[in-house]
1. Rounded to whole Hz and in sequence order, give me ³J(HN,Hα) for region 83-99 from the Karplus expression 6.51 cos²θ - 1.76 cosθ + 1.60, θ = phi - 60°, writing x for Gly and Pro.
2. How far is helix 195-205 tilted, in degrees, relative to the longest principal axis of the Cα atoms in the chain, given as a value from 0 to 90 rounded to the nearest 10?
3. Starting from the Kirkwood Rh over alpha-carbon pairs, what translational D in µm² s⁻¹ does region 4-179 have by Stokes-Einstein at 4 °C and 1.567 mPa s?
4. I'd like to compare 256-266, 237-247, 59-69: which one has the highest average count of other Cβ atoms within 10 Å, and what's the full order after that?
5. Positive end of the dipole of region 4-179, charges at C-beta (+1 Lys, Arg; -1 Asp, Glu), about the Cα centre: which of F146, M40, A59 has its Cα farthest in that direction?
6. If you take the Cα Rg of the chain and divide it by 2.2 N^0.38 Å, with N the number of residues, what do you get?
7. Subtracting the Cα-Cα distance from 0.36 nm times the residue separation, let me have the gained length for V458 to K254 in nm, one decimal.
8. How tilted is helix 293-302 with respect to the longest principal axis of the chain? Cα atoms for both, answer in degrees (0 to 90, nearest 10).
Amino acid sequence: MKQLIECVPNFSEGRDAAKVDALVAAMSAVDGVAVLDREMDADHNRCVITLAGEPEAVAEAAMRGVGRALELIDLTRHTGAHPRVGATDVVPFIPVDGITIDDCVALARRVGREIWERFRIPVYYYEAAALRPQCVNLENVRKGQFEGLREEAPRNPERAPDVGGPALHPTAGATVVGARKFLIAYNINLNTPDVEIAKKIAKAIRFSSGGLRYAKAMGVDLRARGLAQVSINMTDFEQTPLHRVFEMVEREAKRYGVLIVGSEIVGLVPQKALDMAADFYLQLENFSAAQVLENRLAAAREGRPLEPKGGLAAMARPLLDAVAAPTPAPGGGSVAALAGALAACLGQMVAQLSRQKKSQAQFAEQLSSALAELRHTGDALSCAIDEDAGAYEAVMRAFKLAKGTPEEQQKRAEAIQQATRGAAEVPLRVAEAAAGLLDRLGQLEPLISPSMLSDLRVGRLMAAAAVRGALENVAINLDSITDPAYVKAMRERMAGIEERLTAQVAAG
């Protein structure tokens with residue numbers, strides 16, 4: 001089977017169409033590479049070009065784009081609303097078909113080395129390809145932008161490139177290369193020129209500030225249009241969908257007396273992301289991808305079934321196989337999160353069916369409110385399945401860091417402690433969410449149709465199992481953390497959850 005990847009290089013040029021044409025021409029000249037899309041933004045002064053093809057061809061095309069950008073773009077003369085550290089700012093590789101994220105990591109690291117060897121442009125690795133925990137998030141690499149990083153990288157080892165340097169290229173800066181899942185670049189425009197409002201909204205919705213998981217956001221000044229923009233990168237649209245981001249931005253904007261005047265998608269978007277938004281806003285019942293005409297036609301042309309064979313068991317099989325595989329992750333923490341997510345799903349089913357019954361009409365408003373809350377909790381617990389596995393993998397990456405010198409040993413020990421905290425905090429959030437879910441399901445009992453009582457009670461049993469399983473995972477990680485104050489605070493939170501669980505189980 002052929003391997004297919006996507007690459008979405010971002011270049012620091014969004015005003016000169018001739019230069020963007022030259023970048024596209026350099027990359028499209030490689031046999032086997034398709035240029036699927038190009039986007040220019042004058043306010044951001046940035047273009048995004050989407051390539052697809054087999055890995056080797058796409059890698060070569062991306063490197064040719066880097067070389068052409070070196071010739072055309074001088075960062076010392078560049079201005080724009082979007083943060084940047086390089087003429088070719090970021091080069092992510094995304095698995096599409098017949099290839100894994102690990103394969104893309106290996107490709108990204110090879111491309112990074114070759115960019116340095118060919119063009120003497122230093123490289124940072126990010127997302128799944130990151131070599132250092134602080135470089136996983138692109139915003140950390142871009143801190144200070146080209147001008148700040150140019151001064152700091154040569155004298156601060158923490159900010160130095162992963163390949164080449166430590167000085168940045170004098171006009172092309174540095175390039176950030178990585179591997180990641182499909183990302184949706186989604187911008188929401190506000191009817192105000194006050195960029196501070198956009199920045200406050202961005203802070204409220206981004207995950208790093210306590211907002212939505214898989215959402216990164218910043219406020220941008222669209223000076224030419226007299227608008228402020230919330231510019232968002234959505235790194236997993238299935239876990240944090242478009243409609244949830246839109247709704248939260250709209251709600252936050254209203255706090256400042258501001259309205260949304262439009263939104264835009266930069267580059268390409270999967271059909272499923274739009275289907276999910278349509279399903280949410282239209283409140284479609286029992287909606288399936290098989291009802292989309294184009295999906296049915298494509299399946300007929302390709303002679304394949306649209307729905308998976310084998311029913312529910314076949315749908316569950318990949319996750320079951322992943323848990324059963326002889327690998328440490330996904331493990332007990334992910335299973336605990338899954339148990340909680342299933343409990344929330346049972347609550348959603350019961351609430352939706354009950355509010356359709358005439359006998360429960362008097363509770364329709366309460367059931368609708370509960371349904372929205374259960375969806376939110378279920379989504380959070382579903383995200384935690386991957387988060388727990390990712391937290392464990394971060395611990396393993398920390399243990400693999402170099403330890404040849406005392407300085408390396410110190411950095412490794414600090415990285416292990418930081419990653420282990422993350423591995424404890426994810427299941428603690430699961431336990432807290434599942435405990436709240438257990439309580440919420442109990443509150444539903446007098447509101448639902450009596451015929452669904454067994455489903456609700458199964459949901460409560462699953463929620464209780466999620467709490468207990470998650471707390472086991474917190475405890476085992478705390479045993480490896482050396483900060484007594486941190487451990488004490490975490491154990492106090494655990495004790496509060498355990499007391500809450502005991503009271504809820506006793507109450508029935």
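1. Karplus values, whole Hz, x for Gly and Pro: x, 7, 10, x, 4, 9, 7, 8, 10, x, 10, 10, x, 10, 8, x, 8.
2. Approximately 50 degrees, to the nearest ten.
3. Value of D from the Cα-based Kirkwood radius: 83 µm²/s.
4. Result, highest mean Cβ count within 10 Å first: 59-69, 237-247, 256-266.
5. Highest projection toward the positive end goes to F146.
6. Taking N as the residue count of the chain, the ratio is 1.04.
7. Here the answer is 69.5 nm.
8. Approximately 70 degrees, to the nearest 10.
Every number in this text was worked out from the coordinates using simple rules, so none of it is lab data. Source: prediction; values computed, not measured. In this analysis, Cβ positions are derived from the backbone assuming ideal geometry, glycine residues included, and neighbour counts consider all displayed protein chains.
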